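All of the numbers you see were taken from the coordinates with simple rules; none came from a lab. Here the structure is a predicted model, which means the values were calculated and not measured. Cβ atoms come from the backbone with ideal geometry, glycine included; neighbour counts cover every protein chain shown.
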Amino acid sequence: MSDTSLELVQGTLDVLILKSLSWGARHGYAVAESINERSGQVLKVEEGALYPALHRLEKRGLLEAEWGLSENNRRAKFYKLTSAGRAHLRAQSQTWTRYAAAVSRVLEAA
Amino acid sequence: MQLPPGFKRLLKLAVRPRAVEQDVDDELRFHLEMRAEKLQREGLPPAEAHATAQREFGNLEHVRAECVRLGHERESEMKRSLFLDALVQDVRYALRTLRKAPAFSLVAVLTLALGIGATTALFSVVRGVLLKPLPFPTSERLVRLWQASPALDSPRTVLSHPDLEDWKARQKSFTDLGAWWHVQNMSGVDLSGLGDPELLQATYVTDGFFSTLGMAPQLGRPFLPEENLPGQDAVVVLSHGLWTRKFGADPTMIGRSLTLDGVPHTVVGIMPPSFTFPSEQMDVWVPLSNIPESGIPRTRFNRFLNVVGRLKPDVTLETARAELGGISRQLAEAYPDSNAQYPGITAIPLHEAITGDVRTGLLVVLGAVGLLLLIACANVANLQLARATLRERELAVRAALGAGPGRLVRQLLTESVVLAGLGGALGIALAVWGTEVLVGLSVHQLPRLRDVRVDGEVLAFAAGATLLTGLLFGLLPALRASSTRLEPVLKAGARGTVGSGGARLRGMLVVAEVAIAVVLATGAGLATRSLARMLAEDPGFRSEGAAVVSFSVPDSRRGQGRAYLAEVLERVRALPGIESAAMVKYLPLESTGEDMAFNRPGHPEDTSNPPHASVMHVSTGYFSTMGIPLLGGRAHEATDTQQTPIVAVVNQTFARRYFPGEDAVGRSVKVDTTDIGIIGVVGDVRQAGLAEPAPPLVYFHVQQFSRSATNLVLRGQGALLPMAIAARQAIWAIEPNQTISRITTLDEVVSEAVTRPRLLSVMLGLFAVLGLVLAAVGIYGVLAYTVSQRQRELGVRLALGAKPADVLRLVLKSGMGLAGTGIALGAAGALVLARVMGSILYGIAPHDPLTFGGVMALLLGVALLACLIPARRAMRVDPAVTLRGD
């Protein structure tokens with residue numbers, strides 16, 4: 001893990017997973033890849049934390065899972081947002097944006 | 001294929017879910033493979049790519065376990081929600097169905113509410129009185145102790161003070177022994193100096209009373225050991241009740257002084273509200289040393305102390321019994337004069353000592369109410385079966401559309417449980433009300449009524465009873481209905497008159513109902529007959545038209561009690577309208593009074609078992625005022641005083657037992673060294689209760705042997721209450737500080753004496769009537785249904801020449817056959833109940849033929865009535881109409 005990549009706290013990982021699924025159903029591997037790419041390799045998703053997080057979200061009814069075929073024709077478990085998941089994502093991203101803005105305001109003021 | 005998600009979920013479950021573990025493994029493997037492939041594309045050799053992927057993943061086992069756990073949780077949640085969905089659906093359907101049959105629903109719900117409500121109310125009483133532990137710490141180790149005298153047939157005799165001291169010094173089985181003296185209406189103390197003088201309920205206690213029970217005051221302290229030695233400053237502990245009632249729960253009460261019996265007492269403690277021992281209404285506890293030797297002499301002859309002990313943790317009751325028995329025998333040898341007759345002891349758990357009297361009665365009533373609930377169940381099951389026949393087509397259609405038998409049973413059971421639930425909800429409301437009524441009815445008759453309340457546990461009982469009830473009356477009809485064959489029902493078309501298999505089942509239920517009704521009615525009959533026998537006993541005195549005023553000579557007149565009582569009697573007799581007035585220490589039916597042993601000069605006596613009798617202290621005019629017949633000699637006269645020889649009047653039992661074949665009048669007995677001449681013989685009076693035969697009794701003149709507690713009995717013109725009030729005013733004219741412990745009538749005293757048997761008889765009677773009504777409804781229901789089912793057959797019979805009387809006989813025969821079977825079975829069950837009730841019956845055999853015969857005749861009559869209505873309808877079947885229906 002490079003110095004520039006940041007470890008993720010639990011709640012943040014949940015939001016990122018929901019966000020990554022907001023573009024359509026994906027399997028776990030693709031979720032990890034997309035988060036890494038979109039954060040410009042700054043945020044490194046710990047794979048060991050990803051799967052429990054996915055299963056927890058599924059249990060909470062924010063995600064729905066279904067077995068299907070992957071791009072290379074292999075059996076893979078695809079996750080997609082439920083309407084509850086979509087609503088949760090909306091609420092969480094607002095909170096998160098406001099939080100991040102506040103933190104940076106404080107830091108920049110100094 | 002794209003399926004809607006909900007549907008897919010259902011399918012997934014229906015097609016047996018893949019193991020969660022398998023899914024997780026597949027998912028994780030897929031991830032690792034994808035990762036390894038990517039690494040390979042970046043140039044790593046395959047083996048290294050796999051190793052790197054795995055390393056980067058972190059703790060694979062840990063992740064796998066976590067995912068599997070989450071998966072399992074999700075699956076069980078899903079199952080639960082599916083189950084709940086189905087349940088909600090079933091309940092909705094059940095409510096809709098019940099709404100469609102309002103008459104059926106109403107009858108069923110009311111029947112069940114009655115059964116569940118009555119059972120719950122009774123349970124709350126039984127639980128409070130019998131099942132809850134006493135409100136003392138480790139109360140199961142508390143034991144009530146008595147001396148026992150086989151010779152006097154007296155297994156529970158209270159202790160003398162010296163005997164108690166010896167027990168305390170010699171025993172090793174108990175951590176401590178505590179003792180108390182309390183007699184309702186007698187051991188009170190007068191509280192003065194705070195408004196009107198008031199009689200407080202007091203208990204005199206020894207050192208160790210509070211510590212043995214394991215109770216300490218919530219405020220202040222208990223008595224110190226030295227406070228129970230004579231000559232100390234007087235101290236008092238208040239009950240929570242008195243503290244709140246009289247002193248507004250004033251927290252500064254400790255250390256204040258109260259004037260009790262004219263003596264200042266310092267308040268040292270206030271007990272918690274739960275502590276009301278030894279009686280429900282208790283105001284104060286006072287050290288026993290407050291009573292001077294002159295009040296209660298502390299001799300071995302004077303037995304007055306109730307004793308409780310706390311068993312050491314490793315000592316069994318048996319060991320303690322053996323040890324105390326040994327001590328009691330030692331005392332009997334060492335002090336033969338006083339103790340020879342008391343070589344034994346009785347030790348039973350305190351809980352049993354308190355509740356033993358009412359145990360059988362309560363359990364019989366609880367059993368009765370349980371039987372009533374069973375009848376209610378049978379009745380509702382019957383209604384269900386009848387409806388099931390009508391609903392056969394509905395069920396057949398549902399089965400044809402794919403509902404499996406399990407699903408149908410579940411639906412029908414849900415219906416039953418919903419029905420029971422409605423009944424249970426109404427029943428709980430009934431139970432709350434019923435418990436209050438029961439407690440009100442049993443004041444002074446049941447111990448521990450403070451512990452009776454409808455709380456969570458009682459509600460849990462009601463809920464359990466409801467659920468069980470629902471399953472009980474729902475299961476049979478549900479199983480039967482779900483096993484119905486399809487084709488015949490559907491083929492039979494609109495008429496819907498198939499299936500008579502339910503008829504036998506319904507018949508069996510009716511037989512059971514009648515049998516239980518017989519048991520209930522027999523119980524009620526026995527209790528009522530027993531009560532009637534008791535009331536028919538001649539108590540030996542005339543109770544009508546007599547008022548009673550009870551009081552004790554106040555301590556301020558101690559030493560002048562004789563003169564005081566004589567003056568009161570004189571003033572009261574002089575009141576206008578008073579025809580006669582007299583005094584007695586113990587009224588009939590209330591107590592046998594003090595026990596006295598004596599010798600008969602000229603008779604060789606068995607020294608180990610000398611003659612003994614109960615002693616009553618009476619004034620002149622007692623026998624005439626009470627209506628007790630003088631059979632020979634004379635009654636006490638005003639001229640029998642301390643200065644003249646001591647004389648006694650004896651009762652008939654005394655004369656017959658101790659002077660058989662001779663005239664007791666003119667004889668004398670010797671008590672210790674005193675000669676007492678017998679001057680008269682009077683009729684027997686029941687002193688211990690209506691059910692107890694009169695003991696040998698000796699009446700002393702209160703002017704020769706004085707006692708402070710007394711009941712003034714008055715007869716005269718006009719109403720009793722004004723007469724008693726006038727007497728009270730006359731007493732207050734002499735002694736303004738005199739407290740009056742009660743004003744009542746002799747009739748009331750008699751009525752109090754039979755309250756408990758009357759309560760039993762009223763309760764059993766009520767349940768029996770309800771049981772009879774339900775059973776009658778059951779018979780009627782079955783027959784009415786059968787007649788309607790057989791209308792066509794009856795029509796054909798009538799058309800072929802059968803007379804209406806034949807049809808009547810046919811229907812009656814089937815109905816009375818059921819009733820007869822039920823009555824025979826019920827009589828057998830009733831014999832068992834009668835044996836249980838044997839110990840609480842008076843004057844009749846448990847298998848009292850009159851009761852059994854009467855109950856059977858009653859049941860036959862009720863059954864006949866219930867059969868007659870449908871039978872008459874059958875007679876009026878018009879063959880033309882029924883046949884045309886085809």
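Of note:
- Placing +1 on the Cβ of every Lys and Arg and -1 on the Cβ of every Asp and Glu, with nothing else charged, gives the protein assembly as shown a dipole about its Cα centre of roughly 5180 debye.
- Cα centroids of segment B:57-117 and segment B:719-753: 66 Å apart.
- The calculated Kirkwood hydrodynamic radius for chain B is 34.1 Å, given to one decimal from all distinct C-alpha pairs.
- 0 to 90° range, to nearest 10: angle between helix B:501-536 axis and chain B longest Cα axis: 10
- Once the Kirkwood radius over Cα pairs is known for segment B:133-259, the Stokes-Einstein relation at 37 °C and 0.692 mPa s delivers a diffusion coefficient of 192 µm²/s.
- Cα gyration tensor shape of segment B:706-747, rounded if a/c is under 1.5, else prolate or oblate by comparing a/b with b/c: oblate
- Rounded FRET efficiency, nearest 0.05, which uses the C-beta distance separating residue B:21 from residue A:86 and R0 of 35 Å: 0.70
- Per-residue ellipticity at 222 nm, computed for chain B from helices alone with -39500 (n - 2.57) per DSSP H run of at least four residues, works out to -18000 deg cm²/dmol.
- Peptide A:41-49 - average C-beta neighbours from other chains (10 Å radius): 3
- Over chain B, Cα pairs under 8 Å with separation of 6+ residues give a relative contact order of 15 percent.
- Around residue B:542: net Lys/Arg minus Asp/Glu count, Cβ-Cβ under 12 Å: -2
- Taking other C-beta atoms within 10 angstrom as a stand-in for reagent exposure, A:23, B:167, A:67 fall in the order A:23, A:67, B:167, fewest first.
- Each part gets one Cα centre, and for segment B:547-600 versus segment A:18-97 those centres are 97 Å apart.
- Here the calculated FRET efficiency for residue B:643 and residue B:831, from their Cβ-Cβ distance with R0 = 60 Å, stands at 0.40, rounded to the nearest 0.05.
- The separation of segment B:777-830 from segment B:632-676, counted between C-alpha centres, amounts to 72 Å.
- Cα convex hull of segment B:595-663 - mean projected area over all directions, nm²: 5.8
- Taking other C-beta atoms within 10 angstrom as a stand-in for reagent exposure, B:673, B:276, B:389 fall in the order B:673, B:276, B:389, fewest first.
- Label-zone membership for segment B:41-58, site residue B:29, 7 angstrom Cα→C-beta point, backbone N under 20 Å: B:46-58
- Note on chain B: antiparallel DSSP beta bridges, both residues inside, total approximately 80 percent of the bridges counted.
- Nitroxide proxy distance, nm - points 7 Å out along Cα→Cβ at residue B:457 and residue B:634: 6.4
- With R₀ set to 30 Å, the beta-carbon distance separating residue A:95 from residue A:43 gives a calculated FRET efficiency near 0.95.
- Electrostatic bookkeeping for residue B:786 treats Lys and Arg as +1 and Asp and Glu as -1; over the other residues with beta carbon under 12 Å from its beta carbon, the sum is +4.
- Length-normalised contact order of segment B:151-342 in % [C-alpha pairs under 8 Å, at least 6 apart]: 32
- Taking the DSSP bridge list for segment B:151-342 and keeping only pairs wholly inside it, about 75 percent are antiparallel.
- Calculated over segment A:10-109: convex hull of Cα atoms, volume per residue (Å³): 103
- 10 Å Cβ neighbours from other chains, averaged over peptide A:74-81: 3
- By the rule of a C-alpha distance below 26 Å, with chain neighbours fewer than 8 residues away ignored, the lysines paired with residue B:670 are B:585.
- Estimated purely from DSSP H runs of n ≥ 4, each contributing -39500 (n - 2.57), the mean residue ellipticity at 222 nm for chain A is -19000 deg cm²/dmol once divided by its residues.
- Principal-axis tilt of helix B:161-170 within chain B, Cα atoms, nearest 10 degrees: 60
- Principal axis extents of the C-alpha atoms in segment B:341-480 (largest first, rounded to whole Å): 84, 32, 23.
- For B:209, B:277, order by how many other beta-carbon atoms lie within 10 Å, fewest first: B:277, B:209
- Counting only DSSP beta bridges with both residues in segment B:555-738, the antiparallel share comes to about 70 percent.
- Once the gyration tensor of the Cα atoms in segment B:773-820 is diagonalised, the equivalent ellipsoid follows with semi-axes of 23, 12, 6 Å, ordered largest first.
- Summed residue charge, Cβ within 14 Å of residue B:685's Cβ, Lys/Arg positive, Asp/Glu negative: -2
- Shielding by partners for peptide B:846-853, expressed as the average number of C-beta atoms from other protein chains within 10 Å of each residue's C-beta, is 0.
- As an equivalent ellipsoid, the protein assembly as shown spans semi-axes of 78, 48, 24 angstrom, where each value is the square root of five times an eigenvalue of the C-alpha gyration tensor, largest first.
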